[in-house]
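Novice: My questions all concern the structure below.
Quick note: the coordinates plus some simple rules give every number you see, no bench work behind them. This is a predicted model, so every value here is computed, not measured.
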Amino acid sequence: MKFFIIALACVASAFAMQESFLQLTDPNPDTKDIVIEIVDEWTLPEKALDLTVMQTTSGPVVLGIDNGDDVIRIWEDGQTSQSITLPPASEGHSWGLACSNTGDTVSEIIVNDFDSFSFYQSDDVGVTWGTQDDPGGKYSRGFSFDGTHYWTVINGYTDELCRFQPGGSSETWSIPEIGATQQGSGVATFPLEGGNTGIAVGVFDMGMFFFYSWDGSEISYIGSVESPYSSSVMVSLGLAYCDATGHFFWTYGPTSGYRMVEFTVSLSTQSLATTSWGAIKNSF
C-alpha cells in the first residue's frame, strides 16, 4: 500500500542550516567528545511524544504521537499537515512510535501502550491494528527501526536497550550509564562508519543524550552530552534520526507547550555514516 503523504511538498526548509554551532562540554570525564549543531527548532501547538522520520518521494517528514488527541501527527516544518488515528484501545496512553518503509511504501507502523504489556501494529497505515507482546514491558519508552529490527528502552532499576522483531526473538543489554534514578525516553538508531549501528537514548526528565554502538553482538558506550536547552527541559520526549540528511529530531516539554529541535551530532572517535539527500532521492 502506498503511504498517503507521498504528494506532500519536500520539507527543504526544515533542513536549512542556522549559524549557531555549539561545542558542548562533556559532563562525564570518561566519555568521548560529542558536538551538537542546531539546525532548526519549532514551537508545536499540540503534544509531540515519540517521533519517527518517514522517507517519501518528496522528502522526509516527521511523524509523532499526540495521545491527547489520539493521533499520529505528520509534521512539515513544525506544522501539522495530516494525521493517522491511533488504535482505540490505546487512547490516552500511546507513547512509542516507529515505522519501516522503503521509498514511499509503508511496511509497518508500531505504537506502544505505556499502560500495558502490548504494542499495536499496522501494515495498512492505521486502517487496522493488531497487537503483539511488547518485549520492553509495560513501561518501555520510545521505538526505533534500524532496517531489520526495532529498538526500545526498558525502564527499570537499571535501564536496558531491547532489540527485537515483532512476534519474534528479542535480546537486551544493560545501559547503567543512565542511572537508577533516570528513565530512558526516546531512542534513535543511526549508522556508524565501519558498519556498526549507533543508538541514541534520551532521558525523560533532563536534556541529555547517551550514545551507544552495537557491533552485531555487543553494546558499547560511546558517551553522553547535555543539550543546549537543558535548563528549560521539563520532560524529554521523542528522538528520531533521518537517514537522508543525517539529522536528529527531538521533542521536549518546557514549562508550557512542546518544542521540536532538529540537530546534527559529531562524535570524536566515531563518525556517523551519512548518505547525501541527492543519492537517496535518486534511488526512488
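Novice: How much length is gained if the chain between S230 and E91 is pulled fully straight, taking 0.36 nm per residue apart and subtracting their Cα-Cα distance, in nm to one decimal?
Specialist: Fully extending the segment from S230 to E91 adds 47.0 nm.
Novice: For M208, list long-range residues whose amide hydrogen, built 1.01 Å from N in the peptide plane, is under 5 Å from its own amide hydrogen.
Specialist: Close amide H contacts, sequence-distant or interchain: V203, S227.
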